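Notes for the one structure printed next.
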Amino acid sequence: MPFDAHGHLIPGTLTPPREVPASIARPPYVGLSAPPEYTGDNTYTEAEIDKIRAAGRIASRALDAVEAAIRPGVTTDELDAVAHEYVVSHGAYPSTLGYRGYPKSCCTSVNEVICHGIPDNTALREGDLVNVDITAYLDGFHGDLNRTYRVGAVSEEADLLIQRTFEALQRGIKAVAPGRQVNVIGRVIETYAKRFGYGVVRDFTGHGVGAAFHTGLIIPHYDSAPRFDDVIVPGMVFTIEPMLTLGTHEWDLWADDWTVTTRDKSLTAQFEHTLVVRENGVEILTLSE
Ligand code: MF3
Ligand code: CO
Ligand code: CO
């Protein structure tokens with residue numbers, strides 16, 4: 001039902017809101033139509049970085065739990081339940097729940113959905129791709145990551161898209177160094193993606209993260225120079241989260257105001273980490289171990 005006669009996704013049905021125990025601290029935007037303005041910068045003390053890492057570890061382990069539940073027939077809402085239960089049972093808040101009105105505890109983006117797919121009654125089919133994006137909020141700080149998974153066996157072109165999108169994130173991470181401008185990251189990612197003729201999504205980006213879910217710092221995944229000239233410094237925290245497509249970088253937005261698809265309905269993949277800049281490179285803050 002949540003796929004049309006061509007096999008493309010169509011909106012499904014949502015379950016009622018999942019509950020978060022009253023003992024778990026909510027981020028300040030919950031219940032508001034938009035977050036309060038963030039006035040801090042994008043660099044953090046070691047004590048703050050420890051807190052972002054603790055949140056990021058919960059998000060990563062929640063994603064591991066979701067991964068174990070992915071199989072043909074599982075619905076994206078069932079995956080949301082796994083993410084939600086893992087995050088709240090570890091004392092954290094699922095940051096997407098109530099963020100600008102977003103209704104669920106993770107994003108599940110299937111096939112041609114670039115990002116921000118809402119978990120619903122869509123039952124995954126053998127050969128589908130599903131990206132799951134989880135952000136956890138703990139002790140005042142957010143950690144944000146996503147990965148793209150195969151549902152059973154997928155086509156070779158889909159398999160390669162996933163492998164190369166993963167590699168694009170690794171290359172973006174390796175490009176980070178103090179003294180460079182953030183636009184170096186997208187230059188490296190786009191150069192790599194263009195070897196394969198992939199579309200590189202421009203209008204959804206990496207971002208500063210930590211004390212706020214999105215701090216205002218933008219990290220493009222395409223070559224944006226001379227714009228986006230923020231200088232990378234030690235202690236800076238942001239995400240890198242490239243979205244690559246088998247076709248266009250152009251997108252459409254569903255009537256739910258969240259789900260972003262490729263305009264040509266080509267397949268798309270994404271990987272994301274939250275990282276902190278170190279003197280000699282980066283430390284990833286969204287690891288399971
Ligand atoms: N986690 C996503 C990101 O990487 C943001 C999701 S916001 C939502 O920035 F509201 F769509 F969930
Ligand atoms: Co992000
Ligand atoms: Co994310």
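Residue by residue, here is whether (1) part of a loop (DSSP other than H, G, I, E, B); (2) free of Cβ contacts under 8 Å to residues at least 12 places away in the same chain; (3) over 17 Å from the mean Cα position of the chain (by Cα) holds:
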{"site": "Leu244", "(1), (2), (3)": "no, no, no"}
{"site": "Thr261", "(1), (2), (3)": "no, no, no"}
{"site": "Lys265", "(1), (2), (3)": "yes, no, yes"}
{"site": "Leu275", "(1), (2), (3)": "no, no, no"}
{"site": "Leu287", "(1), (2), (3)": "yes, no, no"}
Specify which of the listed residues (Glu19, Glu78, Glu67) is more than 26 Å from His207 (Cα to Cα), open to solvent by 80 Å² or more (accessible area, probe 1.4 Å) and not in a loop (DSSP other than H, G, I, E, B).
Glu78
Any chance Phe213 is part of a strand (DSSP E or B), within 13 Å of ligand 3 (Cβ to nearest atom) and hydrophobic (A, V, I, L, M, F, W, C)
no
I'd like the residue in the stretch 147-161 that is in contact with a strand residue (DSSP E or B) (Cβ under 9 Å, 6 or more places away or on another chain) and more than 18 Å from Gly206 (Cα to Cα) and, out of all such residues, is surrounded by the fewest Cβ atoms within 10 Å (Cβ to Cβ).
Asp159
Give Ala83, Ala55, Ala69, Ala65 a once-over and let me know the one that is within 28 Å of Asp252 (Cβ to Cβ) and touching a residue at least 12 places away in the same chain (Cβ under 8 Å).
Ala83
So Tyr102 fits all but one of (1) touching a strand residue (DSSP E or B) at 6+ places or on another chain (Cβ under 8 Å); (2) open to solvent by less than 10 Å² (accessible area, probe 1.4 Å); what number is the exception?
(1)
Residue list for the stretch 134-173, filter: closer than 23 Å to Pro72 by Cα and outside any helix (DSSP H, G or I)
Ile134, Asn146, Arg147, Thr148, Tyr149, Arg150, Val151, Gly152, Ala153, Val154, Ser155
Any residue at all in the stretch 119-133 that is part of a loop (DSSP other than H, G, I, E, B), within 16 Å of ligand 3 (Cβ to nearest atom), closer than 25 Å to Leu275 by Cβ and under 17 Å from the mean Cα position of the chain (by Cα)?
no
Picked from the stretch 193-210 (must be more than 16 Å from ligand 3 (Cβ to nearest atom), touching a residue at least 24 places away in the same chain (Cβ under 8 Å) and open to solvent by 20 Å² or more (accessible area, probe 1.4 Å)), the residue nearest to Gly235 (Cα to Cα) is Arg202
Residues being polar (S, T, N, Q) and either open to solvent by 60 Å² or more (accessible area, probe 1.4 Å) or within 11 Å of ligand 2 (Cβ to nearest atom) (or both): count how many of those fall in the stretch 216-253.
1
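The values are calculated or read from the model by the stated rules, or taken from the named source; none is laboratory data. These figures come from a predicted structure and were not determined experimentally. Glycine also receives a Cβ, built like all others from the backbone with ideal geometry; neighbour counts cover every protein chain displayed. For the accessible areas, the whole protein counts, side chains as well, though only heavy atoms, and no ligand, DNA or RNA atoms are used. Shrake-Rupley method; radii C 1.70, N 1.55, O 1.52, S 1.80 Å.
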